[in-house]
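The block underneath contains the structure these notes are about, expressed in structure tokens.
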Amino acid sequence: MNEIKIFSPGTVANVACGFDVMGFALDSPGDEMIVRRINERVIKIVKAEGFNLPLDANKNVAGVALLSMLNEVKDEVGFEIEIFKKIKPGSGIGSSAASSAGAVVAANKLLGDPFSKTDLARFAMEGERLASGTAHADNVAPAIFGGFTLVRSYQPLDIISIDTPDELFATVIHPQIEVKTSDAREILKRNVLLKDAIRQWGNVGGLVAGLMKSDYDLISRSLEDAIVEPIRSILIPAFQEVKLKSKEAGALGGGISGSGPSVFMLSRGQETGERVKMVMAEIYDKVGIEYDIHLSKVNKEGVKIIS
Ligand code: ADP
């Protein structure tokens, strides 16, 4: 096998109380990629369709992730990559992570699976370093493992795959405004109050337990962020209204996706997800901000081989 075609999913990071540690994968949108094994120690991005992305392997996250992997491969081997991008870069649903994760999963297959999923996340994180300045795993972990993931620690890298209930759907709206990741970081307080920290770790434990037990009420009670959202949400128009009305429409809860401006809501079942989608769209229609909106089942598989 010298060529492989894969699907790589969009992902939601910073899942409410799980700021910087929890994320989940989506069924759609997602990118497609073709990765080809070649007998030369180079990475070539031969095509990047959909959005205007760099073809220089050192400037494209897929190239950077694979170069990091090649450092640990002894064979005289390299890869050609074609990217068919559907996830808008900068939208807050892991556009860069989809390319980094897709590239390393595909290359690993072509090499005969020498690396673990945690190794693959480590390589893909180098792509994230290029995109955002920090080698974070919040998006690449769910893209590679599928479902919900917890990045328990970075030193050493310890990624936990969390069981995902069957009926979880995510509605994600991307208002067409720019929120710079640097601004979204800048406004955060450097210290937290002990009482807020206690609420937060109570909710993280509750969310993990709720997911593992398929206890939708517990998931709903736990989808709260006492620390980051109260500050960061001021950057997102109509955020409180979106949250309130979505919950009235039956959503379990949600929050800011990544560093924004996308907002996600989780629901039990597709029908509720559809209602939430309508409510969110109505609010942004009224406010007069253009948006993209997606309703997707939470994806349990992560990067998937198409052929
Ligand atoms: P997202 O949160 O949607 O991943 P980021 O802002 O983190 O968005 O990353 C997008 C940045 O990464 C853009 O500057 C984009 O040009 C750059 N980039 C480089 N290669 C890729 C790629 N293959 N896919 C997406 N973005 C890429």
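The values are calculated or read from the model by the stated rules, or taken from the named source; none is laboratory data. Only a predicted model underlies this, so the values are computations on that prediction, with no experimental measurement involved. Glycine also receives a Cβ, built like all others from the backbone with ideal geometry; neighbour counts cover every protein chain displayed. We work out accessible area using only protein heavy atoms, side chains counted, and drop any ligands, DNA or RNA first. Shrake-Rupley method; radii C 1.70, N 1.55, O 1.52, S 1.80 Å.
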Three-way shape label, segment 1-52, alpha-carbon gyration tensor, a/c 1.5 = prolate
inquiry  = 7 Å from Cα along Cα→Cβ at both residue 46 and residue 183: what's the point-to-point distance in nm?
reply    = 4.1
query = What whole-number value in Å² describes the accessible area per residue of segment 163-307 for a 1.4 Å probe?
reply = 50
ask   = Taking segment 156-202, how much of its Cα-Cα pair set, in percent, is spaced more than 14 angstrom apart?
value = 78
note = Cα-Cα pairs in the chain separated by more than 32 Å, as a whole percent of all pairs, come to 24
query = What number, in percent, do you get for the relative contact order of the chain if the mean sequence gap of Cα pairs under 8 Å and at least 6 apart is divided by its residue count?
reply = 25
Spherically averaged projected area of segment 189-307 from its Cα convex hull (nm²) = 9.3
request  = First compute the accessible area of the chain with a 1.4 Å probe, then give the percent of it belonging to carbon and sulfur atoms.
outcome  = 50
task = Express the C-alpha Rg of segment 75-132 as a ratio against the empirical globular expectation 2.2 N^0.38 Å, rounded to two decimals.
result = 1.17
key: Local electrostatic count, residue 197, Cβ distance below 14 Å [Lys/Arg +1, Asp/Glu -1]   = 0
Reference-scaled alpha-carbon Rg (2.2 N^0.38 Å with N residues) for segment 253-307 = 1.33
key: Which listed pairs, of 189/247; 245/286; 44/85; 5/277, have C-alpha distances above 20 Å, in listed order   = 189/247; 5/277
key: Added length on full extension, which subtracts the Cα-Cα distance from 0.36 nm per residue, residue 129 to residue 110   = 4.4 nm
task = Compute the Rg/Rh shape ratio of segment 183-256: radius of gyration over Kirkwood radius, all on alpha-carbon atoms.
result = 1.00
Label point distance in nm, residue 3-residue 217, each placed 7 Å from Cα along Cα→Cβ = 5.5
key: MRE, 222 nm, helices only [DSSP H, n ≥ 4, -39500 (n - 2.57), over the chain, to nearest 500]   = -11000 deg cm²/dmol
ask   = Given charges of +1 on the Cβ of Lys and Arg and -1 on the Cβ of Asp and Glu, with all other atoms neutral, how large is the dipole of the chain about its Cα centre, in debye to the nearest 20?
value = 320
key: Projected area, mean over directions - segment 45-105, Cα convex hull, nm²   = 4.1
key: Ratio of the Cα radius of gyration of segment 1-107 to 2.2 N^0.38 Å, where N counts its residues   = 1.08
task = Sort 233-239, 83-89, 72-78 for me by packing, meaning the mean count of neighbouring Cβ atoms within 10 Å per residue, highest on top.
result = 83-89, 233-239, 72-78
For segment 95-184: Kirkwood Rh in Å [reciprocal of mean 1/r, alpha carbons] = 14.3
message = At 4 °C and a viscosity of 1.567 mPa s, what translational diffusion coefficient does Stokes-Einstein give for segment 22-170, taking Rh as the Kirkwood radius over Cα pairs? Give it in µm²/s as a whole number.
response = 85
remark   = Between the alpha carbon centres of segment 1-63 and segment 158-234 the gap in Å comes to 24
query = Which value in nm describes the separation of the simple spin-label points at residue 286 and residue 305, placed 7 Å from the Cα toward the beta carbon?
reply = 5.0
